[in-house]
Amino acid sequence: MIIRIATDFTETPGARYRNEGDFSGEEFRESILEPKFLEAKNKGEQLTIDLDGGYGYPTSFLEEAFGGLARKHGADSVSATLVFVSRDEPSLVNEIQEYITSQK
Amino acid sequence: MRKRRVVTVIAIVLAAATIGVGIYNVVKNKNFWNVSVAQVLTLLVTISIAFWATQFKNDQRSAKAHAEKVIAKIQAIVSCEEFYTFIPGCNEEDAKKNYGISQRKFANCLSVLEEYGKQLGLQDDVKYIDEQFTEYKTFISDHLNDFDYLSKSEAHLRRLSENIDSKCDQIVVKFYN
């Protein structure tokens, strides 16, 4: 299973919360990430998150989307299920993993 | 380009002269191949020392040269007015795209610089740049949909940009000390 954020959601991710504008981290988590995460977890599969193709990611978007998922479902479960791909900005992968593991 | 051509011509002339002298010696000097072990050893030692002297710290020199190029890229990014100036009422979508691209460019340059950090003893400097950059991107990310607020925060963003720029200058000075 795979989510390509640039094509499945937006090329221009926004801020943290829905009330701050379009394409927020909260919107992404609730409408795309969490349902796919639960589906992958129930099937015992990994969910690949492809971060390439967009115009960069605000830190609060990433924290709310992935850190928020870890707050709700546990950092270990999220770490075990999600796999990140970022050729455009490889350091994003570590950054997101820090948001997830900091919820432990 | 012209300098390179002159160097190439000089190198070719020197090589030809050396080969010419060598051939002349082989033909004219009957004792040319009669050398003692001491003479051979002297030659080998001289060549070895010359080779070592040219290669010594060559890797570090190359790393410094590349790190300097990366630093220049970082300075170009942070010195650009768009890095710290946000104008309310402008095409905000385009501004966000530009911000995202320059942030990514910066992050990629910083990753390369981090790779050189240990080799060139720059860990603390790179860490400082990383901290300033994290503060910058977190601040913008938290107010991404409020250009009015971002425009009023130009002084703060400019301070972060200048901190990074100054630290880059300090790193380059270290390379030559």
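General remarks:
- Hits in the range B:110-161 - residues which are part of a helix (DSSP H, G or I), closer than 18 Å to B:G89 by Cβ and within 14 Å of another protein chain (Cβ to nearest Cβ): B:I140, B:F147, B:D148, B:Y149, B:L150
- Every condition in (1) more than 8 Å from chain A (Cβ to nearest Cβ); (2) in contact (Cβ under 8 Å) with a residue 40 or more places away in the chain is met by B:D94 except one, and the failing one is (2).
- Filter pass, A:E11 being assigned to a loop (DSSP other than H, G, I, E, B) and either of a type in the set (S, T, Y) or exposed (fewer than 15 other Cβ atoms within 10 Å of the Cβ) (or both): yes
- When the range B:77-91 is filtered for residues that are surrounded by fewer than 16 Cβ atoms within 10 Å (Cβ to Cβ) and without any contact (Cβ under 8 Å) to a residue 60 or more places away in the chain, the ones remaining, listed by number, are B:C80, B:E81, B:E82, B:G89, B:C90, B:N91.
- Against the numbered list (1) more than 36 Å from the chain's Cα centre (by Cα); (2) hydrophobic (A, V, I, L, M, F, W, C); (3) at pLDDT below 90; (4) outside any loop (DSSP other than H, G, I, E, B), B:V35 comes up short only at (4).
- In the range B:80-101 there is at least one residue matching the filter, namely being of a type in the set (A, V, I, L, M), out of contact with any Asp or Glu (no Cβ under 9 Å at 6 or more places or on another chain) and assigned to a helix (DSSP H, G or I).
- Matching option when the condition is surrounded by 18 or more Cβ atoms within 10 Å (Cβ to Cβ) and touching a residue at least 24 places away in the same chain (Cβ under 8 Å), among A:V83, A:V78: A:V78
- Among the residues of the range A:1-43, those that are in contact with a Gly (Cβ under 8 Å, 6 or more places away or on another chain), away from chain B (no Cβ under 14 Å) and of a type in the set (D, E, K, R) comprise A:R4, A:R29.
- Tally, over the range A:46-74, of residues that are away from chain B (no Cβ under 14 Å), touching a residue at least 40 places away in the same chain (Cβ under 8 Å) and not in a helix (DSSP H, G or I): 5
- Restricting attention to the range A:14-57 and to residues that are under 19 Å from A:V85 (Cα atoms) and hydrophobic (A, V, I, L, M, F, W, C), the residue that is surrounded by the fewest Cβ atoms within 10 Å (Cβ to Cβ) turns out to be A:I32.
The values are calculated or read from the model by the stated rules, or taken from the named source; none is laboratory data. Given the structure is predicted, the values throughout are model-derived calculations rather than measurements. Ideal geometry is used to build each Cβ from the backbone, glycine not excepted, and the neighbour counts take in all protein chains shown.
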